Amino acid sequence: MPEHYPNLFMPLDLGFTRLENRVIMGSMHTGLEDVRGGFRKLSEFYVERARGGVGLIVTGGISPDFCGQLVPFSSQLSYPWQVYKHRKLTTAVHAAGSRICMQLLHAGRYAIHPFAVAPSAIKAPISPFKPRAMSAGKIQHTIDAYVKAALLARKAGYDGVEIMGSEGYLINQFICTHTNQREDEWGGSFENRIRFAIEIVDRTRKAVGDDWIIMYRLSMLDLLKDGSNWEEVVQLAQAIERAGATLINTGIGWHEVRIPTIAAMVPRAAFTWVTAKLKQSVSIPLITSNRINTPEQAEQVLASGEADMVSMARPFLADPQFVNKAKHNQASRINTCIACNQGCLDRVFRKQRATCMVNPRACYETELEYTKTKIPKKIIVIGLGAAGMAFASIAAQRGHTVTAYDIAGIGGQLNLAVKIPGKQEFHETLRYFRHALEDNGVILKLGQGLTAREIRSTECDAVIVATGVIPRMPDIHGINHSKVVSYIDVISGKVVPGERVAIIGAGGIGFDVATLLVDKEAAHEKEHWLQSWGVDTQYIHRGGLLPQPREYSAQRKVYLLQRKPSKMGATLGKTTGWIHRTRLKNAGVEMLNGVKYQRIDDRGLHIEHNGDPRVLEVDHIILCAGQNPNRALADELEGSGMLVHVIGGADKAVELDAERAIRQGTELATKI
């Protein structure tokens with residue numbers, strides 16, 4: 001057992017089987033489950049994680065019947081003919097040395113199709129379809145479907161199932177009065193409302209026998225005003241244990257709730273306290289989850305007795321070798337999940353295949369292969385921002401001789417991102433790439449650049465220009481006034497803005513700068529953060545919600561402005577944009593769209609808003625008006641006869657789009 005993480009690598013004896021470590025790769029939907037031929041790619045995805053040493057894998061949600069599908073044609077397991085593709089997956093995972101459970105998930109009113117059903121006909125705010133209320137017969141039929149799906153899963157070779165009873169899906173909908181307003185034996189009293197969950201677990205256990213894993217995902221914290229109280233959570237957990245569950249996993253919040261639970265601004269291990277609170281009330285192993293992304297954090301949670309196992313989902317997108325690297329004392333080489341949601345959840349909600357910002361190979365294992373090159377090349381890379389680092393490290397890994405130049409150091413604008421409250425996780429990305437560049441033998445020339453003339457006189461087979469972006473200067477009268485500063489100067493700390501500030505540009509950078517200006521360090525302390533979002537860590541109130549969130553006093557008066565009349569922050573991530581908007585609103589930031597900029601003078605910024613002239617009497621005006629590609633070097637090299645590739649911001653200036661930059665650098669490195 002590794003000395004550095006003894007609890008993480010302690011086997012867990014379940015009686016009929018043993019798990020080799022305390023790490024679960026939690027359920028996450030990849031999009032591969034739902035497309036023709038997707039299971040072959042999905043199998044490779046899971047196999048790579050199994051080889052990486054994870055003790056138990058849980059698949060993305062598979063519906064037990066047609067009505068339970070999340071979207072039309074999403075994956076379900078209801079018929080014997082559907083077993084074949086699942087068996088190929090489980091066989092491959094077992095051969096790679098891990099175990100795998102299938103998650104059974106019925107969407108209920110969260111289904112994005114007209115056949116949605118629920119305990120009561122109450123529309124969900126995140127679906128356009130109002131569900132039909134289930135009849136008593138439909139309820140029994142659905143329980144039968146769960147049991148049948150579990151039996152088929154066993155036939156397919158799965159080591160068990162996880163029954164999804166949290167996050168506001170169907171089972172959770174039965175439990176809470178928010179969505180269950182029935183007056184029959186499936187509604188009314190709490191005993192009636194939890195009957196659906198208990199029946200599913202009990203009948204599944206009787207059907208599959210005692211030697212198979214049944215994990216139940218329990219909503220320990222609904223974060224809903226009509227959610228369960230603590231006594232009810234304990235009562236349900238004990239009933240689920242009696243019904244035959246092997247393990248209980250932690251579920252936090254409903255998808256419709258406006259409280260962040262997994263995004264980067266959520267403190268690490270922010271919700272493990274609720275798992276610890278339940279441990280004294282049940283005797284079967286408990287799994288904790290949410291924002292645990294390093295082996296050190298996981299070890300600390302286990303060592304403190306807060307849980308028996310740790311579930312991590314996105315960290316295995318970022319690095320399939322997470323467990324093996326921890327086991328062999330190479331944690332510094334782990335490509336850490338930064339909880340950005342850009343490559344995974346944002347893509348899934350756009351009906352695209354999931355992947356990972358920091359690891360574009362995730363879910364593309366059959367397409368992005370880092371094979372050794374048969375024709376090694378001498379390659380020069382100019383610029384070591386996100387795109388340059390990704391290209392250089394992978395190209396060198398494949399056997400090319402890579403010499404990389406940067407006039408500053410590695411990281412580019414990621415060095416600015418780490419200074420934004422809630423984006424400190426980018427430190428992990430910089431640490432990972434620093435090691436990857438060195439470990440793969442990239443020749444680093446930091447603090448140095450090359451002119452086009454010097455490059456032409458250098459012996460090389462290809463030049464990669466990754467010189468990033470240049471901030472755009474808007475055409476406003478008085479733009480050179482002393483009050484006007486660049487976002488780079490503010491984020492880097494070169495300029496400390498005054499008490500009243502206007503920000504021109506409300507894209508991602510504008511929101512980041514606004515957050516930096518109004519944020520307080522204390523806001524990132526776990527307890528303070530939870531209370532500021534209204535989470536009741538004493539669990540006195542129903543749903544785990546405080547009657548009133550903790551007050552958030554801002555450090556400055558900030559105006560966030562944009563020319564477009566569209567919604568503020570429309571370009572932000574689909575799953576995180578609302579968090580940024582709420583955060584700034586709570587801090588008193590005044591957000592104005594449809595603004596016309598008139599001029600800048602000693603009084604401040606003169607604008608026209610909704611047809612009315614207005615003067616914002618501010619100390620500083622910060623420019624966040626986008627960027628232009630820094631293509632000067634690339635343009636000079638055109639026509640030189642050299643093989644030149646332009647990547648990252650130098651190719652296309654998109655607001656600090658690290659996801660696109662890293663993917664572009666990676667894809668080029670696999671082809672060159």
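Where a number appears in this text, it was derived from the coordinates with a stated rule and is not lab data. Since the structure is predicted, the reported quantities are computational estimates derived from the model, not experimental observations. Neighbour counts run over all protein chains shown; Cβ positions are idealised from the backbone, glycine included.
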Can you tell me the length gained on complete extension of the stretch Lys372 to Glu3, counting 0.36 nm per residue apart and subtracting the Cα distance?
129.4 nm
Rounded to the nearest 0.05, what FRET efficiency do Gln352 and Asp602 have when you use their Cβ-Cβ distance and R0 = 45 Å?
0.35
Label point distance in nm, Trp81-Asp619, each placed 7 Å from Cα along Cα→Cβ
7.1 nm
Gain in span if fully extended, Lys526 to Asn324, counting 0.36 nm per residue against the direct Cα distance:
69.8 nm
Report P(r) for the stretch 68-211: all Cα-Cα distances, bin width 5 Å, range 0 to the bin holding the largest distance, values in whole percent.
2, 10, 19, 21, 19, 14, 9, 5, 2, 0
If you keep only loop residues by DSSP, which chymotrypsin sites (Phe, Trp or Tyr not before Pro) in the stretch 1-44 have at most 11 other Cβ atoms within 10 Å of their Cβ?
Phe16
Please go through the stretch 608-672 and write out the trypsin sites (Lys or Arg not before Pro) that DSSP classes as loop and that have at most 15 other C-beta atoms within 10 Å.
Lys652
Taking only Cα atoms, what is the 0 to 90° angle, nearest 10, from helix 426-439's long axis to the longest principal axis of the chain?
80 degrees
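Using the beta-carbon distance between Thr91 and Asn192 and R0 = 35 Å, what value does 1/(1 + (r/R0)^6) give for FRET efficiency, to the nearest 0.05?
That gives a FRET efficiency of 0.25.
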Based on the alpha-carbon gyration tensor of the stretch 361-403 and its eigenvalue square roots a ≥ b ≥ c, which shape applies: rounded if a/c is under 1.5, prolate if not and a/b is larger than b/c, or oblate?
oblate
Quick one: putting +1 on the C-beta of Lys and Arg, -1 on the C-beta of Asp and Glu, what dipole do you get for the chain around its Cα centre, in Debye to the nearest 20?
1240 debye
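Need one word for the stretch 336-495: rounded, prolate or oblate. Basis is the Cα gyration tensor (sqrt eigenvalues a ≥ b ≥ c); a/c below 1.5 gives rounded, then a/b vs b/c decides.
oblate
Order by neighbour count: Met265, Met10, Met28, fewest other Cβ atoms within 10 Å first, most last. Display every interim value, and only then the final one.
On the way: Met265 23, Met10 14, Met28 19.
Arranged by neighbour count, lowest to highest, Met265, Met10, Met28 become Met10, Met28, Met265.
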Relative contact order for the chain: what percent, with Cα pairs under 8 Å and sequence separation of 6 or more?
12 percent
Show that you can apply the helix-only estimate: for the chain, add -39,500 (n - 2.57) for every DSSP H stretch of four or more residues, divide by all residues, and state [θ] at 222 nm to the nearest 500.
-9000 deg cm²/dmol
Quick shape check on the stretch 144-265: root eigenvalues a ≥ b ≥ c of the Cα gyration tensor, a/c under 1.5 is rounded, otherwise prolate if a/b tops b/c, else oblate, and it reads oblate
Full extension from Asp461 to Ser304: what is 0.36 nm times the residue separation minus their Cα-Cα distance, to one decimal in nm?
51.1 nm
Could you tell me the distance between the Cα centroids of the stretch 8-71 and the stretch 351-390, to the nearest Å?
25 Å
Roughly how big is the stretch 238-339's charge dipole about its Cα centre, with Cβ charges of +1 (Lys, Arg) and -1 (Asp, Glu), in debye to the nearest 20?
120 debye
Lys567 versus Lys585: modelled label distance in nm, points set 7 Å from Cα along the beta carbon direction
1.1 nm
Ranked by how many other beta carbons lie within 10 Å on average, peptides 483-490, 326-333 from highest:
483-490, 326-333
With the label point 7 Å along the Cα-to-beta-carbon line of Ser492 and a cut-off under 13 Å to each amide N, the hits in the stretch 417-453 are 417
With the Cα gyration tensor of the stretch 24-283 in hand, convert its eigenvalues to equivalent ellipsoid semi-axes via √(5λ) and list them largest first in whole Å.
27, 21, 19
Averaging sequence separations of C-alpha pairs under 8 Å and six or more residues apart, then dividing by the length of the stretch 363-496, give the relative contact order as a whole percent.
32 percent
Sorted by mean Cβ packing within 10 Å, highest first, what order do the peptides 287-299, 163-175 take?
163-175, 287-299
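Do you know the relative contact order of the stretch 24-283, to the nearest whole percent, from alpha carbon pairs under 8 angstrom that are 6+ apart?
Details: 501 pairs, mean separation 39.5, N = 260.
Once divided by the residue count of the stretch 24-283, the mean separation gives 15 percent.
Of all DSSP beta bridges in the chain, what percent run antiparallel (nearest 5)?
20 percent
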Can you tell me which lysines have their Cα less than 23 Å from the Cα of Lys564? Leave out same-chain residues fewer than eight positions away.
Lys574, Lys585, Lys596, Lys652
The simple spin-label model distance between Leu14 and Ser553, using points 7 Å out along Cα→Cβ, in nm, is 5.2 nm
How big is the gap, in Å, between the Cα center of the stretch 128-142 and the Cα center of the stretch 418-475?
55 Å
Of 142-155, 271-284, ordering from highest average Cβ density within 10 Å down gives 142-155, 271-284
